[in-house]
1. Would it be correct to say that residue 153 is within 25 Å of residue 106 (Cβ to Cβ), free of Cβ contacts under 8 Å to residues at least 12 places away in the same chain, of a type in the set (A, V, I, L, M) and out of contact with any Cys (no Cβ under 7 Å at 6 or more places or on another chain)?
2. Residue check, residue 160 against (1) modelled with pLDDT of 95 or more; (2) touching a strand residue (DSSP E or B) at 6+ places or on another chain (Cβ under 6 Å), all met but one. Which one?
3. Take residue 90 and decide whether it is more than 21 Å from residue 161 (Cα to Cα) and either in contact with a Ser or Thr (Cβ under 6 Å, 6 or more places away or on another chain) or modelled with pLDDT under 95 (or both).
4. List every residue pair whose Cβ atoms sit under 7 Å apart, with the two residues 6 or more apart in sequence or on different chains, where the first one lies in segment 228-239 and is farther than 14 Å from residue 264 by Cα and the second, anywhere, is part of a loop (DSSP other than H, G, I, E, B).
5. Since residue 146 meets every condition but one in (1) touching a strand residue (DSSP E or B) at 6+ places or on another chain (Cβ under 9 Å); (2) surrounded by fewer than 13 Cβ atoms within 10 Å (Cβ to Cβ); (3) under 25 Å from residue 290 (Cα atoms), which condition does it not meet?
6. Tell me, yes or no, whether segment 80-89 has at least one residue that is closer than 30 Å to residue 217 by Cβ and buried (at least 23 other Cβ atoms within 10 Å of the Cβ).
7. If residue 222 meets every condition in (1) at pLDDT 90 or above; (2) under 28 Å from residue 280 (Cα atoms); (3) surrounded by fewer than 17 Cβ atoms within 10 Å (Cβ to Cβ) apart from one, which number is that one?
8. I'd like the residue in segment 1-42 that is among the small types (Gly, Ala, Ser) and in a helix (DSSP H, G or I) and, out of all such residues, is nearest to residue 82 (Cα to Cα).
Amino acid sequence: MSRILHVVVGSGIPGYFSNAINSVLALTTDDVLGIYNYLDDEDFARASESFHGLNGDRLTMALRPNLKRSLTKTGSLYLAYNEAIDSARNKYDYLHFIQADMQLMHWDPETFEEIEVLFQRSGKNGAAPAVCISTVFECKGKWTDQYYLANLIYSPALRTHVYRGVSMSDVGVFSMRVINELNLRFGGHEVDMQGSLARLGFEMPKLRAPISAFVPWPVTVRNGKLKGLRRLKNYAQPPLLKMREGYPMSDYSKNVWMEDWVYPNGWKTLHPFWPTDTVSRKWVGRRQERIKQSGQNFWATIDGAGVVRDSVFPGRRMTPGLFELLAAVSRSYLTDSAQAVLSSLRYRFRMLTTTVSQTVKSLKD
């Protein structure tokens, strides 16, 4: 059997998909399966034109219609994953899942050796069994110090860190042997699968030297619609991300952060990074916590040369744009204020109810 099949799955943004595919083809000599779930006829046409340049004996491409949002958020993604499992059965030892808004940043013989060693050690000498190994750089904008300490623990048996209470992820390297033993199929939501595997005792270790990174502050697909579409205009020529020289290091006693090694290639974004959209207000709280620890300005940026500047406001051709950011921050503060007002009103109502109840009881006595 062959060693590993790299699987890239995307939807709605052909540029991201092509960038991810090309990064895998450039850094590896293994087979690559690309599955693109097109949103509509227009997306199909854009994708078909964009993918003309993607070719090679190692690459297999497939375009599939995206499921309607009413079915399940991960429907098309997990259908693609199951298609990859069926393609890999009895042919490959491992499946490496990458999503289109990611880029493979590093791959060498030591990477594959560490993957094999981790799967060999899992389930032995007190280590939990593993079906998935995390391959992704964590970013400081999401993994604040407190969040990191609460969610990662060092495993002496595996000689690497393990995610606390997490048994798998949508991205990473999966063992086909374990997939076959469990008759594993992707379905439902990620948290559902994590819970099922956790109950079987599985945990997810991470590579000491991460190999893939999410495009920071990306355009996303929500309910079949593209969010933050204007950000695509600010990118320079692919690849979208670059690595600093000197990676990987020899000392892994500390966590390897994305911000220390990866930067935008010819474009500008907020620093530290955030790996998904700004629709959720979670990023604001995490960013506030991180800047308190680092002393950075809330609007700090990193440019296409990898230079970090403590900007008062992000400049032109920034992604995400200033208007988007101000709108997102405003929504966050308005939500917090509304919740504070509601909490205060509930407290006052409880106090009033208690006072009235005590008064009535006193009059009866």
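1. Details: within 25 Å of residue 106 (Cβ to Cβ): yes; free of Cβ contacts under 8 Å to residues at least 12 places away in the same chain: yes; of a type in the set (A, V, I, L, M): yes; out of contact with any Cys (no Cβ under 7 Å at 6 or more places or on another chain): yes.
It is true that residue 153 is within 25 Å of residue 106 (Cβ to Cβ), free of Cβ contacts under 8 Å to residues at least 12 places away in the same chain, of a type in the set (A, V, I, L, M) and out of contact with any Cys (no Cβ under 7 Å at 6 or more places or on another chain).
2. (1)
3. On the way: more than 21 Å from residue 161 (Cα to Cα): yes; either in contact with a Ser or Thr (Cβ under 6 Å, 6 or more places away or on another chain) or modelled with pLDDT under 95 (or both): yes.
Against the criterion (more than 21 Å from residue 161 (Cα to Cα) and either in contact with a Ser or Thr (Cβ under 6 Å, 6 or more places away or on another chain) or modelled with pLDDT under 95 (or both)), residue 90 qualifies.
4. 228/219; 228/277; 228/320; 229/219; 230/321
5. So the condition that residue 146 fails would be (1).
6. Looking for residues that are closer than 30 Å to residue 217 by Cβ and buried (at least 23 other Cβ atoms within 10 Å of the Cβ), one finds at least one in segment 80-89, hence yes.
7. Failing condition for residue 222: (1).
8. Residues of segment 1-42 that are among the small types (Gly, Ala, Ser), as a first pass: 2, 10-12, 15, 18, 20, 23, 26, 34.
Checking which are in a helix (DSSP H, G or I) leaves us with 15, 18, 20, 23, 26.
Values: 15: 24, 18: 21, 20: 20, 23: 23, 26: 25 Å.
Here the answer is 20.
The values are calculated or read from the model by the stated rules, or taken from the named source; none is laboratory data. A quick note: this is a predicted structure, and the numbers were derived from the prediction, not measured. For neighbour counting, all protein chains shown are included, and Cβ atoms are generated from backbone atoms with ideal geometry for every residue, glycine included.
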